[in-house]
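Have a look at this one.
The values are calculated or read from the model by the stated rules, or taken from the named source; none is laboratory data. Computed from a predicted structure; not experimentally measured. Using ideal geometry, Cβ is built from the backbone for each residue, glycine included, and neighbour counts are taken over all protein chains shown.
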Amino acid sequence: MKRAADRIVKYSRKTGETEISIELVFAADGEISVDTGVPFFDHLLQAMAFHGHFGFKLRARGDIEVDEHHLVEDTGIVFGEALNRLLEKHGAVKRYAQATIPMDEALAEAVIDISGRPYLVFTGAFPQQRIGSFQAILLREFLAGLSSRGRMTIHAHLRYGRNSHHMAEALFKALGVALSQAYAPAPSAGMSTKGTLD
């Protein structure tokens, strides 16, 4: 079994719309550094990594003068690809995880299956469509990119809340906790009774 300190992966991606690099360290003492140029998105990603207890270095640039959509979606794609490469590089993980996190009046839940089958279920609605200048609905696009490139099933539920900031932050904290649990090293090489995740 790999020690947590050995479980490191780096990945970068450049397109005509975005340029993103990431380093993941699945260890409690990993450094967290996030710079996307979108302050609220930075805040959520930092909270995700902090409460998931994993190192997360991310630098992202994109055409946010047009819209933040490309940057947010592509960050999910890059994060998912890095997680997929972590699995390929370091072997079996625990696979399933669930976390429900409150933040004041809000409650959010993230349920994950590292299944090899991308699927996203997103339920609930943000009561305020903008959190500062940030479009709350873009968070679904982040999760879609993460699910697709990470080849995982994600069920993300905004259970309730009155404040979109609280709901989004609770969801990303839950996501961090669930990812940390799901990607913990498994005691054996098998992740499926089929012998394959496909």
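Step by step: first the residues of region 117-158, then only those that are within 13 Å of the chain's Cα centre (by Cα) and among the polar types (S, T, N, Q), then the one that is surrounded by the most Cβ atoms within 10 Å (Cβ to Cβ). Which residue is that? Steps first, please.
Step one: of region 117-158, the residues within 13 Å of the chain's Cα centre (by Cα) are 120, 139-156.
Filter once more, so that each one left must be among the polar types (S, T, N, Q): 147-148, 153.
Working: Ser147: 23, Ser148: 19, Thr153: 18.
Step by step, filter region 117-158, then rank; the result is Ser147.
Which of the residues spanning region 113-158 are assigned to a strand (DSSP E or B) and aliphatic (A, V, I, L, M)?
As a first pass, look at region 113-158 and keep what is assigned to a strand (DSSP E or B): 113, 119-123, 130-131, 134-135, 153-158.
Passing the criteria: Leu120, Val121, Ile131, Ile154, Ala156, Leu158.
Do we have Gly161 as on the phi > 0 side of the Ramachandran plot and buried (at least 21 other Cβ atoms within 10 Å of the Cβ) here? Steps first, please.
Values: on the phi > 0 side of the Ramachandran plot: yes; buried (at least 21 other Cβ atoms within 10 Å of the Cβ): yes.
So Gly161 fits the description; yes.
Going by the conditions given, is Val93 in contact (Cβ under 8 Å) with a residue 40 or more places away in the chain, touching a His at 6+ places or on another chain (Cβ under 8 Å) and of a type in the set (Val, Ile, Thr)?
Numbers: in contact (Cβ under 8 Å) with a residue 40 or more places away in the chain: yes; touching a His at 6+ places or on another chain (Cβ under 8 Å): no; of a type in the set (Val, Ile, Thr): yes.
No, not satisfied.
Quick one: would you say Lys10 is of a type in the set (Lys, Arg) and either without any contact (Cβ under 8 Å) to a residue 24 or more places away in the chain or closer than 18 Å to Gly176 by Cβ (or both)? Don't jump to the end; show me each part of the working.
Working: of a type in the set (Lys, Arg): yes; either without any contact (Cβ under 8 Å) to a residue 24 or more places away in the chain or closer than 18 Å to Gly176 by Cβ (or both): no.
Spelling it out, it is not the case that Lys10 is of a type in the set (Lys, Arg) and either without any contact (Cβ under 8 Å) to a residue 24 or more places away in the chain or closer than 18 Å to Gly176 by Cβ (or both).
Condition (residue is more than 18 Å from Ala174 (Cβ to Cβ), at pLDDT 95 or above, surrounded by fewer than 20 Cβ atoms within 10 Å (Cβ to Cβ) and not hydrophobic (A, V, I, L, M, F, W, C)) applied to region 90-109: is it met by at least one residue?
no
Related question: Residues Asp29, Asp74, Asp35: which one is at pLDDT 95 or above, over 18 Å from Gly145 (Cα atoms) and either among the acidic types (Asp, Glu) or touching a strand residue (DSSP E or B) at 6+ places or on another chain (Cβ under 7 Å) (or both)? Walk me through how you get there before you give the answer.
Numbers: Asp29 fails: at pLDDT 95 or above; Asp74 fails: over 18 Å from Gly145 (Cα atoms).
Going through Asp29, Asp74, Asp35 in turn, just one is at pLDDT 95 or above, over 18 Å from Gly145 (Cα atoms) and either among the acidic types (Asp, Glu) or touching a strand residue (DSSP E or B) at 6+ places or on another chain (Cβ under 7 Å) (or both): Asp35.
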